[in-house]
Amino acid sequence: MRVSKQVLLATVVASASPVALAEDAGVPWKGEGELGVLITEGNSKSTNINARLALKHEVEKWRNTMELRSVYAEAEDDETGEDETTSEKYNAQAETNYKFDERQFWFLRGAYEDDRFSGYDFQSSASTGYGNRVWEQGEKSFLELKAGAGYRYNQLQEPDENGNDAEKGTILRFAGAFNYALSENALFIQELSTEVGVQDGKATSESLTALQANVVGNLSMKLGYRVKHESEVPPGTEKTDTEISLALLYGF
């Protein structure tokens, strides 16, 4: 776990200075909490829980964001009739932006994921680079693009055929985010990202497509579809993971 802790520590240290400045200015953190539950009945019974907490802090020169996500699912075994865990995943990421002007910025990002059924003990990365908010309209609509480089360290549950117990090396990272306000109460969200290993060429890509609609006050409903694809995976695991979530979201 040494490398993963270094990744997260680097991000926290980098964020410390702008956070302190923001606190002096009296600017509060903003955030949103999300919780979704899906229960199905029929030939099989399953329970799925999706939870998310996102925080954002922004002042004139700095923007800090953090996100924690978890997915848990269990289903009834056809033979024993007992519930068994079919999915268990925890994800944390943090990012600091230093804004050169209204559109251009430098970013430093750290990410950590623990997926029980992925074939990895954990996956982690740290990256830095250039970002540009190439289009913006109002407070909710924008298009943002990022490109940079970093380092990846993934700890395998079992050594590979060459005896290696980890995947590590330099990566290139490309990401984009598009938010569009369909109305005063509805928002469309599209996020894309990919990390490509410079030495091994292994690519990890993620996509989030979501529709969010205000219900009342700070309470909203959110329908989301998330896809994660890896070009190479440990034996016995799938290259593509998908998540469909219907959740309540509370902004604060």
Computed curve, the range 59-106, Cα-only Debye sum without solvent term, log₁₀ I(q)/I(0) at 0.31 Å⁻¹, is -1.04
The value for the range 149-203 (convex hull of the alpha-carbon atoms, volume per residue, Å³) is 108
Over 26 Å between C-alpha atoms is what I'm after, so list which of LYS168/LYS228; LYS30/LYS239; LYS140/LYS202; LYS56/LYS222; LYS56/LYS140; LYS61/LYS222 land there. LYS30/LYS239; LYS140/LYS202; LYS61/LYS222
With N residues in the range 87-220, what two-decimal value do you get for its Cα radius of gyration over 2.2 N^0.38 Å? 1.24
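Across the chain, how large is the tail of the calculated P(r) beyond 29 Å, expressed as a percent of all Cα pairs?
Of all Cα-Cα distances in the chain, 35 percent exceed 29 Å.
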Cleavage-rule hits (GluC sites (Glu not before Pro)) in the range 151-252: DSSP loop, at most 11 neighbouring Cβ within 10 angstrom: GLU161, GLU184
Spelling out what I want: for every residue of the range 77-85, take phi, set θ = phi - 60°, compute 6.51 cos²θ - 1.76 cosθ + 1.60 (Karplus), and round to whole Hz; glycine and proline get x. 5, 5, 7, 8, x, 9, 6, 9, 6
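Over all directions, what mean area does the Cα convex hull of the range 200-248 project, stated in square nanometres?
Hull-based average projected area comes out at 4.4 nm².
Here, each number is a calculation from the coordinates, and none is a lab measurement. Every value quoted in this text rests on a predicted model; they were computed, and no experiment measured them. Note: ideal-geometry Cβ built from the backbone for every residue, glycine included; neighbour counts use all protein chains shown.
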